[in-house]
Amino acid sequence: MNYEQLIHEFKAKFSSEEARLFFAPGRINLIGEHTDYNGGNVFPCAITYGTYAVAKKRDDYLVRLYSVNFPNKNMIEFNLNDLDYKEKDGWANYPKGMLRYIRERGDDLTGMDVLFYGNIPNAAGLSSSASIELLTGVVIEKLNQLSIDRLELVKIGMRVENEFIGVKSGIMDQFAVGMGKKEEGILLDCQTLDYHYAPLKLGSKKVLIMNTNKRRELAASKYNERRNECEQALKQIQTAIDVLALGELSEEDFEQIKHTIKNPTVLKRAKHAVYENQRTIQALQALKNDDLSRFGELMNDSHTSLKEDYEVTGFELDTLVETAWKQDGVLGARMTGAGFGGCAIAIVEEKCVDNFIENVGTRYKEKVGYEADFYIASIGDGARELEMEVRI
Ligand code: GLA
């Protein structure tokens, strides 16, 4: 869908004379998986796939939302005075949650008409939900002429996920979607929220996204289970060392006090959290030293740890990643996001990309029985209004 088609759809649905256009990206995470809620480091970036909104302010308190991605579902309507979670509203609970928590800041909002369209595959682990959250946040901010600090908007997005939707995710996705910068990765310390941008100097290499196309059933409950296991590990470790998060531990600290964790599963989870955090710090250093092959090795080690210790990969992701490792011109490959299906990424020499897709795609279909999808990722900017006055 191009801008004109989106605007045409908006006009058809809402019979309006003017509208404004907004965009929020999806994200990939290069390394640092399941470290954010453990107070560790992550290294994500925003991509140019994402979600668009065409929006117009109303003079009353009505909110009308429509998604081009779900054409069989009707327009969803609610009043700003009734912002409770309702299962029947499905995807519209994300924008509703944003409205609710922004309103709770004391801002006087009016209603709005919004048409959404996303080109990130749904439930593929590329943060389509954080994309809708931050997108709605910017729409509300701009239509109501507010000025909301971007970090605050990021935190509101996370709160929607945690409290309104009920997924106990960390801050990585909303941060990457809200703060992303073209051609840059973001190294974020999730304990202190200190961050800095690091240019992705990939030269002749491309980042490929590989989608397993596996539906992520039960992903939310398994995600919350991992989080609980890490909390248990932290409590036991705290009997021996004074830390607030697993992310504060070096590998050496961990080896010395790991005997405090009695349950072998919990021990594996904690080991991943500690070692993955250290890998992330090393990966940034490798990037700064232009040592992309070291960066790739760390990506591979990350996947192995997510497979063996954190146990969030599964047959489909392992098939993609392990086949990717065997191809010419591959520096590294790993799953990205929460896991349990969804996407993996690989860094591949540009001249080898076609063969890579052919070989990995064929092997995947043989082993798994259905197709994987491949996209070249471009690293883009975070959530924003697209600077064009759209007159219909
Ligand atoms: C999901 C969550 C993030 C993060 C990743 C795993 O994407 O939303 O907060 O925990 O999983 O790294």
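Highlighted here are the strands (runs of 3 or more DSSP E) found entirely within the range 28-79 that include at least 2 residues which are within 11 Å of the ligand (Cβ to nearest atom): 41-57.
Would you confirm whether any residue within the range 150-166 is of a type outside the set (Gly, Ala, Ser), open to solvent by less than 10 Å² (accessible area, probe 1.4 Å) and more than 14 Å from the ligand (Cβ to nearest atom)? Working first, answer last.
Here is the first cut: in the range 150-166, the residues of a type outside the set (Gly, Ala, Ser) are 150-156, 158-165.
With the extra rule that they be open to solvent by less than 10 Å² (accessible area, probe 1.4 Å), the set shrinks to 153-154, 160.
Now drop any that are not more than 14 Å from the ligand (Cβ to nearest atom), which leaves 153.
Yes, because at least one residue in the range 150-166 is of a type outside the set (Gly, Ala, Ser), open to solvent by less than 10 Å² (accessible area, probe 1.4 Å) and more than 14 Å from the ligand (Cβ to nearest atom).
For the range 206-227, indicate whether the set of residues that are outside the structural domain of residue 266 (by TED's automatic domain parsing), touching an Asp or Glu at 6+ places or on another chain (Cβ under 6 Å) and buried (at least 21 other Cβ atoms within 10 Å of the Cβ) is non-empty. No, every residue in the range 206-227 fails to be outside the structural domain of residue 266 (by TED's automatic domain parsing), touching an Asp or Glu at 6+ places or on another chain (Cβ under 6 Å) and buried (at least 21 other Cβ atoms within 10 Å of the Cβ).
Just the residues that are among the basic types (Lys, Arg) and within 30 Å of residue 140 (Cα to Cα), please, taken from the range 342-392. Lay out the reasoning, then the answer.
Residues of the range 342-392 that are among the basic types (Lys, Arg), as a first pass: 351, 363, 365, 367, 384, 391.
Selection gives 384, 391.
Condition first: assigned to a helix (DSSP H, G or I) and either under 28 Å from residue 45 (Cα atoms) or not assigned by TED's automatic domain parsing to the domain that holds residue 54 (or both). Now tell me which residues in the range 6-26 satisfy that. Working first, answer last.
Our first condition is that a residue be assigned to a helix (DSSP H, G or I); within the range 6-26, this holds for 6-14.
Selection gives 6 alone.
The residues of the range 10-44 that are surrounded by fewer than 24 Cβ atoms within 10 Å (Cβ to Cβ) and among the small types (Gly, Ala, Ser), listed by number, are 12, 15, 16, 19, 39.
Conditions (1) in a helix (DSSP H, G or I); (2) modelled with pLDDT under 95; (3) within 16 Å of the ligand (Cβ to nearest atom); (4) open to solvent by 10 Å² or more (accessible area, probe 1.4 Å), marked per residue:
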site	(1), (2), (3), (4)
85	no, no, no, yes
96	yes, no, no, no
99	yes, no, no, no
114	no, no, no, no
124	no, yes, yes, no
132	yes, no, yes, yes
139	yes, no, no, no
142	yes, no, no, yes
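Kindly indicate whether residue 338 is under 30 Å from residue 140 (Cα atoms) and within 16 Å of the ligand (Cβ to nearest atom). For residue 338, the condition - under 30 Å from residue 140 (Cα atoms) and within 16 Å of the ligand (Cβ to nearest atom) - is met. For the range 181-230, filtering for residues that are among the charged types (D, E, K, R) and part of a loop (DSSP other than H, G, I, E, B) leaves 8.
If you check 256, 278 for being touching a helix residue (DSSP H, G or I) at 6+ places or on another chain (Cβ under 7 Å), assigned by TED's automatic domain parsing to the domain that holds residue 298, in a helix (DSSP H, G or I) and at pLDDT 95 or above, only one passes: 278.
The values are calculated or read from the model by the stated rules, or taken from the named source; none is laboratory data. As the structure is a prediction and not an experimental result, all values here were calculated from the model. Cβ: placed from backbone, ideal geometry, glycine included. Neighbour counts: every protein chain shown. The area values use the complete protein model at the heavy-atom level, side chains included, leaving out ligands, DNA and RNA. Shrake-Rupley method; radii C 1.70, N 1.55, O 1.52, S 1.80 Å.
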